[in-house]
Amino acid sequence: MKYIITKSNVSNAEIKARMEYIYDSFHIYTLVDSVNSNKDITILNTIPEDAIDLFMIVGHDRRTDEYIRANYKKIKENNIVIISCNTPRFSSLKLLKDKNVFLPKNGGIIDFYDGENYGFSFNITDEEIILYRNRNEKMEIMLKNTFERS
């Protein structure tokens with residue numbers, strides 16, 4: 001599993017909180033990929049990296065679409081979750097035609113909430129909250145209950 005945050009200057013506190021979120025949601029540990037992360041992209045890899053067939057990317061629409069376009073050939077996972085605004089307009093979606101792509105159900109603007117109100121230490125989306133609520137289900141059920149398949 002790979003979890004990508006396409007947001008500038010992600011704090012260490014947010015990274016730690018997202019690592020805890022991934023552990024609680026998927027019952028697997030993650031590490032920061034310090035070689036491939038930078039000030040605009042934070043990459044978290046699970047241990048082991050291929051334990052879960054899932055690639056999740058969360059962030060602003062333009063940067064998220066650009067990341068996928070630039071890196072789609074490197075995505076080994078078959079299940080791809082994109083949490084971003086305006087996903088139906090992503091030009092990168094056509095590059096993922098051989099993958100199972102899951103998008104937010106509303107497809108438009110993604111709302112972020114103060115995670116503290118939900119027990120999280122980062123701003124969280126509806127999709128992340130729903131995914132977390134389904135954390136005791138199999139991954140396929142979690143994705144089906146949270147997203148629509150592209």
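The values are calculated or read from the model by the stated rules, or taken from the named source; none is laboratory data. Everything quoted here is computed from the prediction, not taken from an experiment. Ideal geometry is used to build each Cβ from the backbone, glycine not excepted, and the neighbour counts take in all protein chains shown. Note: areas computed on protein heavy atoms with side chains; ligands, DNA, RNA excluded. Shrake-Rupley method; radii C 1.70, N 1.55, O 1.52, S 1.80 Å.
Quick look at the numbers
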| item | result |
| --- | --- |
| q = 0.24 Å⁻¹: log10 I(q)/I(0) that the Debye formula gives for the range 99-150, counting C-alpha atoms only | -0.95 |
| Distance between the range 1-29 and the range 98-150 - C-alpha centres, whole angstrom | 14 Å |
| Nearest-10 value in Å² for the accessible area of D111, using the 1.4 Å probe | 80 Å² |
| Structure-based [θ]222 nm, the chain - -39500 (n - 2.57) summed over DSSP H runs of at least 4, per residue, nearest 500 | -8500 deg cm²/dmol |
| Of K7/K73; K39/K138; K16/K73; K39/K144; K16/K94; K16/K99, pairs whose Cα-Cα distance is over 25 Å | K39/K138; K16/K73; K39/K144; K16/K94; K16/K99 |
| About the Cα centre, charge dipole magnitude for the range 1-97 (Lys/Arg +1, Asp/Glu -1 at Cβ), debye | 460 debye |
| Cα extents of the range 22-89 along the three principal axes, largest first (Å) | 32, 24, 23 |
| Theoretical gain in end-to-end length, D50 to E116 [0.36 nm per residue, Cα-Cα removed] | 20.7 nm |
| Convex hull of the range 58-123 built on C-alpha atoms - directionally averaged projected area, nm² | 5.0 nm² |
| Beta bridges per DSSP with both ends in the chain, % antiparallel, nearest 5 | 50 percent |
| Among F112, H27, S37 - extreme Cα towards positive end, dipole of the chain, charges at beta-carbon | S37 |
| The chain: Rg to Rh, with Rh as the Kirkwood radius over Cα pairs | 0.91 |
